[in-house]
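Have a look at the structure below, then the notes.
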Amino acid sequence: MHSHSRPVLAANWKMNLGTVEAGAFLDGFLSRYAPRDDRTVILFPSALVVSTVRDGTRKRPDIQLGVQNVSTEEKGAFTGENSAAMAAGAGASFVLVGHSERRHVFGEADAQAAQKCARVVEHGLVPLLCVGETIEQRERGETGEVVLHQLRAGLSMLSHEAIRDMIVAYEPVWAIGTGRTATPQDATDVHLVLRAALAGLVGEDARGIPLLYGGSVNAKNSSALLAAHEVDGLLVGGASLDPVQWAEICGS
Ligand code: PGA
C-alpha cells in the first residue's frame, strides 16, 4: 500500500557510465520503457554526463534528471566541486544528499547534509536525502535512533514547504552493493519510523513525501519491495546500470 500514489524509481549510477556508455544505455532503456504516467523515473548520472542524458531524453519528458552531490557552498574557490546552481543550469531537478558513500567513504557529516539540502532548495531543486544504519548499529538495536538523527539533522535548515516537497531514501549501509537486501518488512519497519518523524515535522503533509528503499534492489526483488507497506519507491545502484534490468524495475 502506498501513501504516495506515484512510485518513484531512481537510478544512482555512482561513478559509472561515461558519455558514450550513457548514450548506449539510453538507446537500450528508452526503447524498452514506454512513458507511464503512474510513476516517476529519475536518473542520477555523473555530473559530467548530465547534459548528455538531458539531450538524450529531450523527447522523453517523463524521465527526470538529478545529480549525485553538490557543494555546500554557493560558488568560489572550491576546486573540483559542483554547485547547486550549476546542477540546475545543467538540467537537473533532483540532488542526492547524504548518500551512504558520501557519509562513509568521504566522511560527510550531518551538518553538511543539512547545508546541502538548504542549498539545493534555494536553487529550486528537490533534495533526495538518504539515511541508513551500519550493520553494527543495527545489531546494537540503534537503527531507529540513527535514521531519525540523520533525518532530523538533514532537514534542520528546511522550511515546511521544502520538507513537504522532498524525497527521503532509507538505505541500510549493510545492504548497499552487498547483494544483501533488506526484507520488505525491514523496509516497512524503518519507513514507519521515518513517516512518523516527518509527520511530527509537517503533519498531514508527511503522507505525500515519497519514502524510497535502496540497497541491492534488482529486477527479481523490486516488485516485492515496492509492494511493501510505506515503500513509495526504490533507489537503485548496480542494477540500474543495465538498461534491460532497469527497464524491468521501472515496470515493476
Ligand atoms: P545498490 O546501491 O543498488 O548497488 O546496492 C544502492 C545505492 O547506493 O543507492
Looking only at lysines whose Cα falls under 16 Å of Lys75's and that sit 8 or more positions away or on another chain, we get Lys116
Per the charge dipole of region 1-131 (beta-carbon charges, Lys/Arg positive, Asp/Glu negative, Cα centre), the residue among Val97, Ala113, Val41 reaching farthest to the positive end is Val41
In whole Å, largest first, the alpha carbons of region 11-77 cover along the principal axes 43, 27, 18
Once the in-chain neighbours fewer than 8 apart are removed, the lysines whose Cα is under 27 Å from Lys59 read Lys14
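Once every DSSP H run of n ≥ 4 in the chain is given -39500 (n - 2.57) and the sum is divided by its residues, what mean residue ellipticity at 222 nm do you get, rounded to the nearest 500 deg cm²/dmol?
Values: 11 runs with 100 residues, N = 252.
Result for the chain: -11000 deg cm²/dmol, rounded to the nearest 500.
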Any GluC sites (Glu not before Pro) in region 121-210 that lie in a DSSP loop and have at most 15 other Cβ atoms within 10 Å would be Glu142
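Expressed as a rounded percentage, what relative contact order does the chain have, with Cα pairs under 8 Å and six or more residues apart?
Working: 503 pairs, mean separation 57.8, N = 252.
Relative CO of the chain lands at 23 percent.
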Among the Cα-Cα pairs of region 101-227, the proportion with separation greater than 22 Å, in percent, is 34 percent
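Contact order normalised by length for region 142-252, with contacts defined as Cα pairs under 8 Å and 6 or more residues apart; what percent is it? Could the numbers behind the result be given before it?
Details: 153 pairs, mean separation 31.0, N = 111.
Value for region 142-252: 28 percent.
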The answer for Val126, listing residues at least 5 apart or on another chain whose modeled amide H is closer than 5 Å to its amide H, is Phe94, Val95
Extension length gain for Asp38 and Phe106 (0.36 nm per residue less Cα distance), in nm, is 20.9 nm
Counting as exposed only chymotrypsin sites (Phe, Trp or Tyr not before Pro) in DSSP loop states with no more than 16 other Cβ atoms inside 10 Å, the longest exposed-site-free span of the chain is 107-252
A student asked for the Cα radius of gyration and Dmax of the chain in angstrom ought to give 16.8, 49
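What's the extension gain from Thr79 to Asp62 if we count 0.36 nm per residue and subtract their Cα-Cα distance? Kindly include the intermediate steps, with their values, before the conclusion.
Working: separation 17, 0.36 × 17 = 6.12 nm, distance 3.39 nm.
Gain on stretching Thr79 to Asp62: 2.7 nm.
By how many nm would the segment from Ser93 to His229 grow when fully extended, if each residue of separation counts as 0.36 nm and the alpha-carbon distance is taken off?
Details: separation 136, 0.36 × 136 = 48.96 nm, distance 2.71 nm.
Here the answer is 46.2 nm.
Given R₀ = 35 Å, what would the calculated FRET efficiency be for Arg207 paired with Asp55, taking r from the Cβ atoms and rounding to 0.05?
Details: r = 36 Å, r/R0 = 1.03.
Computed FRET efficiency for Arg207 and Asp55: 0.45.
All of the numbers you see were taken from the coordinates with simple rules; none came from a lab. Quick caveat, the model's predicted, so the values are computed rather than measured. When we count neighbours, we look across all protein chains shown, and the Cβ atoms used for this are built from the backbone with ideal geometry, even at glycine.
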